[in-house]
Amino acid sequence: MMRLRALLAVAIGLAAAVVAQGDVAAPVAPPQEAQNPFKPFDRARFEAQVQKLGATAEQVQAFGKQIEEFGVARAADQLVRAAVPAFGAAVKLQEANDPAAALELTKVLAATTDPLLQAHVRYHLAQVFLDSDDPERSVEVLSDYLRQNINQSALDAEAAFFYSQSLAEIPLPELAVPRFRAFLQWFPEASERFRSAAHQQILELERQQESRLHQLADGMKKTTRDLKKQKTDKPIQVDQEGYIQELQELIEMYEEMEKQSGGPPSGNGPSSNPATQSALPEGEATVGTLNKKPTLADRWGDMKDRDREKIEAEVQNSLPPQYRKMLEHYYKKLGAGTGNR
């Protein structure tokens, strides 16, 4: 009962938090393809394309050796990074958890029409957005990948997985589950790390969908994210009113059950199978301390004012409108995540 009342208080707080500011529209996910649109990775075609981007014969030869050590997806990405120095430098910023990574990746994306380079840039840019708790932007970027860049790179399987993962994190489980299933069907040779994570996500999402309270919590989570983006239009307000009404109905139902049973209804204790965090599949363990890694928002907040202003000025002055809007949203959200320090 106390937990339900707390949820009601949160919903009321959400409704009170509406402010009259600009709208940031979430992308509409494209419909699932009925047939498998992916083709097996064509190594010879890839090597020819990456040489057009600037890869040397020595780099292509090293690619063959790296496949055995790192796998074809990682080796292909390393080769594209070596062939396009600006892209390689942007990925290094991403790996360093540098807030400037999104800007530098987007500048590379805006400057190229090559579908192979676009595929690799969009893959990494989606990772930046996921790391920043912005799955809607990740869906937007990976939707472009899936519409425009498939069958160019060895990253197709991972792009399909992370697209499904992003939908799950919004959360849109009714869209995520069939796409996880398609990933498993279309990429039987994908890394077991990703396939196991997809199986786990399907089971968890289907279990969660059976719970009315969990669906309500998912809706409130999405509305909270919308409010953080200062999306406060009429549909959001209607959603909030619906959550409050549904929570009140659940409270009244539980109160009636308590009256009839003389105590709280069973099943309100800790779950024997608690929900797993919808996290990306983990790689190899990292040796080191257990100190919390600074988030991108932390890094943004720790930057000097002039460095933040320089990035914001570049967003305004060096990008086409569609990319400018995307990064305006991204950096505004990073600023909100710093706690206004």
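Evaluating E68 against the criteria (1) more than 30 Å from A297 (Cα to Cα); (2) without any contact (Cβ under 8 Å) to a residue 40 or more places away in the chain; (3) surrounded by 17 or more Cβ atoms within 10 Å (Cβ to Cβ) leaves one unmet condition, (3). Looking at Q209, is it modelled with pLDDT of 70 or more, out of contact with any helix residue (DSSP H, G or I) (no Cβ under 6 Å at 6 or more places or on another chain) and over 18 Å from V139 (Cβ atoms)? Here the answer is no, as Q209 does not meet what is asked. A11 passes every criterion in (1) over 30 Å from A182 (Cβ atoms); (2) at pLDDT 95 or above; (3) surrounded by 12 or more Cβ atoms within 10 Å (Cβ to Cβ) apart from (2).
In region 310-337, the residues that are under 20 Å from D298 (Cα atoms) and crowded, with 16+ Cβ neighbours inside 10 Å form Cβ pairs under 7 Å with partners that are at pLDDT 90 or above and polar (S, T, N, Q), at six or more places apart or across chains, as follows: L327/T106; Y330/S132; K333/S132; L334/S132.
Starting from residues that are under 21 Å from N97 (Cα atoms) and not aromatic (F, W, Y), keep the ones in region 143-167 and report whichever is surrounded by the most Cβ atoms within 10 Å (Cβ to Cβ). Among those that are under 21 Å from N97 (Cα atoms) and not aromatic (F, W, Y), it is S166. Of all the residues in region 296-327, those that are within 21 Å of the chain's Cα centre (by Cα) and of a type in the set (S, T, N, Q) number 1.
The rows are residues; the columns are (1) crowded, with 24+ Cβ neighbours inside 10 Å; (2) at negative phi.
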| position | (1), (2) |
| --- | --- |
| A102 | yes, yes |
| K107 | no, yes |
| D114 | no, yes |
| H120 | yes, yes |
| Q127 | no, yes |
| L130 | no, yes |
| D133 | no, no |
| S138 | yes, yes |
| V141 | yes, yes |
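Mind checking whether some residue in region 154-166 is part of a loop (DSSP other than H, G, I, E, B) and free of Cβ contacts under 8 Å to residues at least 40 places away in the same chain?
We begin by selecting, within region 154-166, every residue part of a loop (DSSP other than H, G, I, E, B); these are 154-155.
This time we only want the ones that are free of Cβ contacts under 8 Å to residues at least 40 places away in the same chain, so: none.
Checking region 154-166: not a single residue is part of a loop (DSSP other than H, G, I, E, B) and free of Cβ contacts under 8 Å to residues at least 40 places away in the same chain.
Hey, any hits in region 177-191 for a residue that's buried (at least 24 other Cβ atoms within 10 Å of the Cβ), touching a helix residue (DSSP H, G or I) at 6+ places or on another chain (Cβ under 7 Å) and modelled with pLDDT under 95? No; the residues of region 177-191 include none that is buried (at least 24 other Cβ atoms within 10 Å of the Cβ), touching a helix residue (DSSP H, G or I) at 6+ places or on another chain (Cβ under 7 Å) and modelled with pLDDT under 95.
Would you call E95 among the charged types (D, E, K, R) and surrounded by fewer than 19 Cβ atoms within 10 Å (Cβ to Cβ)?
Working: among the charged types (D, E, K, R): yes; surrounded by fewer than 19 Cβ atoms within 10 Å (Cβ to Cβ): yes.
Taking the combined requirement at face value, the residue satisfies it.
Is it the case that some residue within region 137-147 is in a loop (DSSP other than H, G, I, E, B) and either over 25 Å from L172 (Cα atoms) or under 16 Å from the mean Cα position of the chain (by Cα) (or both)? No, region 137-147 has no match at all.
Which one of T56, T113 is out of contact with any Pro (no Cβ under 7 Å at 6 or more places or on another chain), closer than 30 Å to L334 by Cα and of a type in the set (S, T, N, Q)? Can you show your working first?
Working: T56 fails: closer than 30 Å to L334 by Cα.
Within the list T56, T113, the selection yields T113.
Within region 50-70, being among the aliphatic types (A, V, I, L, M) and under 15 Å from V84 (Cα atoms) holds for V50, L53, A55, A57, V60. Looking at region 81-114 only, could you name the residues that are touching a residue at least 60 places away in the same chain (Cβ under 8 Å) and in a helix (DSSP H, G or I)? Once the filter is applied, which keeps residues that are touching a residue at least 60 places away in the same chain (Cβ under 8 Å) and in a helix (DSSP H, G or I), region 81-114 yields A102, L103, T106, K107, L109, A110.
The values are calculated or read from the model by the stated rules, or taken from the named source; none is laboratory data. None of the values given here were measured: they were computed from a predicted structure. Here Cβ is always computed from backbone atoms with ideal geometry, including for glycine, and neighbour counts include all displayed protein chains.
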